Ligand code: ADP
Ligand code: MG
């Protein structure tokens, strides 16, 4: 085991990096020429604002074009505290500024629950412009009297204030690091990749978005407060909408969801205008440079952060499924009474009746197979049961109790599902994803064992390096570890090579006994269905063609006639 892979070394690594950053900060604060110390503070201020953008945009995938408005909130609170002489001094004011900005962030995040993409961009940019105009009118507290903000006593000269700023940046970096590794962070990755996927694991889409906005805005507020300490008096010109826009572009361009890249972006933010100034070029050209690189990133050609990381990780290979290992057989349990019952389910899309009056039942400890040609309504069935089609008619009961409400609510009640399309966010590791989806405390052993059982890559593997087939099995494992009453699987083996299908089936067969979960399996590979399912339901044009014990259904003449050509079944 390499030292960097040792668990203790890994746990301490963030603190080691933090200590190194503080040491570098100290050396710079002593060694740099006075003018560069000042620029250094500006870079640190920008880095904190970019870290915030990295959370809301880079990780949670929402456009926010008003980061400097949050900075202005922080600056405003610090100025007001200074004027009022609020006890506690600068550090307290800074925290209050961050808190106030977080509240503003939640308020701005509320529309983000409904708006996406360009609409959210327009709303946040409009807000930034409005705040910009308002600030010019009302000015910051103390501005007219020229009341300069008092820095912390121990860090009052420029050199030591730079060190103070570095300490704040390190604290913010650690905060972001640990938040991103925790539940909130996982939910941000998930909500960025798929809102449906987030709801399906029983996580709140709203909470994910609002926490991302709050954390991001808090960081913005702290950067604004820090700026006020640097310059003494805050000016509206530091917080314009156009600068917020440029900062956003810079965040996208540098890949600011990575902490080091946020710092790198901040260096660019300060260095590019400075260099242009020295070369006698108007500084506004800096925005043009950022703009071009931003367009590059936004058109999907990747950002600098990812480019650097790809160079670094070039040696890495993509991990796939390894189901060839033999597994011990576990005696299947006899299926019991229905745990999930669906009655009279009907769904139509316009004139298309996707499901008409469908009844199904998943027996306790059993595996119900649902088969049928493409377009028969299988995925619609899963969507309706799991609450993604609120207008579906009919009843669903779980353990005899009606199952109603949002997908999140149904997931929490014990009904989980997987998707036919990929909903596994590439930004997480296998382990982080599985722990998040399970929504309960897992021992490292438990997660690793379940992953190994299904031939998935080990927990440490980044999902971006896991192939499509294996990603779907990681999704299955996560939901199984949640120990729901019933798990609905929508063609889970679709990405696997054919030899792996049967091996996957053998493991699936053991799921009720091993995990205590009953399963509804949608599958088109009849070999797999035969080896796994106790009971079968055949759908055709949204109607149940046959239903019952596997052997009876597969021998049913109506099934033979209607379903995928007789020869295949004989
Ligand atoms: P299966 O999963 O069995 O292949 P689906 O459930 O995906 O079938 O689709 C059943 C039918 O409903 C198809 O005719 C499909 O075109 C239609 N359908 C599914 N989803 C939608 C939708 N969101 N809007 C309109 N039609 C849909
Ligand atoms: Mg389907």
- If a/c stays under 1.5 just call it rounded; otherwise compare a/b with b/c (prolate if a/b is bigger, oblate if not). Do that for segment 15-107, with a ≥ b ≥ c from the square roots of the Cα gyration tensor eigenvalues. oblate
- Query: Of the beta bridges DSSP finds with both residues in the chain, what % are antiparallel, to the nearest 5?
  - Reply: 55
- Task: In whole angstrom, note down how far apart the Cα centers of segment 196-247 and segment 54-106 are.
- Result: 8
- Item | Packing-based ranking, highest mean first, of 349-355, 256-262, 484-490 given that Cβ atoms within 10 Å are counted | 256-262, 484-490, 349-355
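Would you work out the relative contact order for the chain, in percent, from Cα pairs under 8 angstrom that are 6 or more residues apart?
Numbers: 1049 pairs, mean separation 91.2, N = 570.
That works out to 16 percent.
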- Task: With everything on Cα atoms, drop me the angle between helix 205-231 and the longest principal axis of the chain, reported from 0 to 90° to the nearest 10.
- Result: 10
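Subtracting the Cα-Cα distance from 0.36 nm times the residue separation, let me have the gained length for residue 409 to residue 157 in nm, one decimal.
Values: separation 252, 0.36 × 252 = 90.72 nm, distance 5.49 nm.
That pair, residue 409 and residue 157, stretches by 85.2 nm at full extension.
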- Task: Counting only C-alpha contacts under 8 Å and six or more residues apart, can you give the relative contact order of segment 263-420 as a whole percent?
- Result: 16
- Query: Which FRET efficiency value, to the nearest 0.05, do you get for residue 393 and residue 308 by plugging their Cβ-Cβ distance into 1/(1 + (r/R0)^6) with R0 = 60 Å?
  - Reply: 0.65
- Task: Just subtract the alpha-carbon distance of residue 460 and residue 133 from 0.36 nm times their residue separation and send over the number in nm, one decimal.
- Result: 112.9 nm
- Shape call for segment 7-295 from the C-alpha gyration tensor, a ≥ b ≥ c root eigenvalues: rounded (a/c under 1.5), prolate (a/b greater than b/c) or oblate? rounded
- Item | DSSP bridge pairs, segment 336-564: antiparallel proportion in percent, nearest 5 | 60
- Task: Per DSSP H run of n ≥ 4, the term is -39500 (n - 2.57); total these for the chain, divide by its residue number, and report the mean residue ellipticity at 222 nm rounded to 500 deg cm²/dmol.
- Result: -17500 deg cm²/dmol
- Compute the long axis of helix 89-112 from its Cα atoms, compare it with the longest principal axis of the Cα atoms of the chain, and write down the angle in degrees, 0 to 90, nearest 10. 40
- Task: Determine, from the Cβ-Cβ distance of residue 107 and residue 296 and an R0 of 35 Å, the FRET efficiency 1/(1 + (r/R0)^6), rounded to the nearest 0.05.
- Result: 0.60
- Stretched out fully, how many nm does the piece from residue 331 to residue 24 gain, at 0.36 nm a residue minus the Cα gap? 104.4 nm
- With each pseudo-label sitting 7 Å past Cα toward Cβ, what's the residue 11-residue 444 distance in nm, one decimal? 0.8
- So if R0 is 25 Å, what FRET efficiency would residue 284 and residue 35 give, r being the distance between their Cβ atoms, rounded to the nearest 0.05? 0.70
- Query: Which peptide among 70-81, 186-197 comes first, and what is the full order, when sorted by highest mean count of other Cβ atoms within 10 Å?
  - Reply: 70-81, 186-197
- Message: Using all alpha carbons of segment 439-570, what is the percent of pairwise distances in each 10 Å bin, ordered from the shortest bin to the longest?
- Response: 11, 40, 31, 14, 5
- Roughly how large, in nm² to one decimal, is the mean projection of the convex hull of the alpha-carbon atoms in the chain? 30.3
- Message: Distance between the C-alpha centers of segment 481-516 and segment 248-290? Whole Å please.
- Response: 49
- Query: In degrees, nearest 10, range 0 to 90: what is the angle between the Cα axis of helix 117-138 and the longest Cα principal axis of the chain?
  - Reply: 20
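By its C-alpha gyration tensor, with a ≥ b ≥ c as the square roots of the eigenvalues, how is segment 336-564 shaped: rounded for a/c under 1.5, else prolate for a/b larger than b/c, else oblate?
Numbers: a/c = 1.69, a/b = 1.40, b/c = 1.20.
Because a/c hits 1.5 or more and a/b exceeds b/c, segment 336-564 counts as prolate.
Here, each number is a calculation from the coordinates, and none is a lab measurement. The structure presented is a predicted model; accordingly, all values stated were derived computationally and were not measured. Glycine gets a Cβ as well: all are built from the backbone with ideal geometry, and neighbour counts include every protein chain shown.
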